[in-house]
1. Could you rank the peptides 166-176, 109-119 by their average count of other C-beta atoms within 10 Å per residue, with the highest value first?
2. So, in nm, how far is label LEU161 from label LYS14 when the simple model puts each one 7 Å beyond its Cα toward the Cβ?
3. Note down the magnitude of the dipole of region 109-185 about its Cα centre, charges +1 on Lys and Arg C-beta and -1 on Asp and Glu C-beta and zero elsewhere, to the nearest 20 debye.
4. Is there a quick way to get the dipole size of region 4-100? I mean about its Cα centre, with the Cβ of Lys and Arg at +1 and of Asp and Glu at -1; what is the value in debye to the nearest 20?
5. Net charge within 11 Å of GLN49 by Cβ-Cβ distance, Lys/Arg positive one each and Asp/Glu negative one each, not counting GLN49 itself?
6. Can you tell which of ASP92, ASP146, ASP42 shows the greatest fluctuation in a Gaussian network model of the chain with Cα springs below 10 Å?
7. May I ask you to list the lysines whose Cα is less than 17 Å away from that of LYS184, ignoring any residue fewer than eight positions away on the same chain?
8. Which residues in region 112-135 have a backbone N closer than 17 Å to a point placed 7 Å from the Cα of PHE143 along the Cα-to-Cβ line?
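The numbers here are math on the coordinates, done by the rules we state, and not lab data. Keep in mind the model is a prediction, meaning the values are calculated, not measured. Note: ideal-geometry Cβ built from the backbone for every residue, glycine included; neighbour counts use all protein chains shown.
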Amino acid sequence: MPDTLEWQNNTFLKEVERRSGTPVSACFQCHKCSTGCPIGPDMDLLSSQVMRMIHLGEELQVLESQDIWLCASCEACTTRCPMQIDIAVVMDSLRMMAVERKVELPNARGEQFNRSFLQSVSRNGRVFELGMMVAYKLRSRDFFTDAEKTGQMLAKGKLSLLPKKSGSARAVADVFRRAEEEEKKR
Ligand code: SF4
Ligand code: SF4
């Protein structure tokens, strides 16, 4: 554990706690969050390791990690944490910090997928899968991965060709607008 002075001077930890509103410093490395994470097998940095690196002030290493973009915001970690740390919100905060700081990602696919998903939801009030996939392919320039599956899903009618707006599209757009306003105040 960092000594007291190091802990007090950890501006990264302070900022993450302020933005997420959750006590990251209370993490005592029990790893319950990591063992319940459905994405864990695909992550290099597990959620408990992310908490530890925040303790150590490893800002760049955390914000450059593609693992914060792999997180599916399922909240399994949050519900398992004995210290009531909202780890899913911490991951959200880290993604926002990475975008604001224009961090260059070694592999930006998670970030590109995230942007495509949110763009689709903000436009339609819910995700329009085909439109999201096209946006993601254009961003990532990865045109061929899963192309076969897309054809199969289209053939089986699992993907619609046109977006269907949610009845709550306006309310969802309002959520996005308010979130952007809140972000500007930070
Ligand atoms: S919210 Fe993210 S880090 Fe937490 S369990 Fe789900 S995928 Fe894993
Ligand atoms: S479950 Fe909570 S206390 Fe345990 S390692 Fe994860 S964040 Fe830390």
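1. Most protected by this proxy first, the peptides run 109-119, 166-176.
2. It works out to 5.8 nm between the two label points.
3. So the magnitude is around 200 debye.
4. 320
5. -2
6. Evaluated over the chain, the most mobile residue of the options is ASP146.
7. LYS102
8. Correct set: 133-135.
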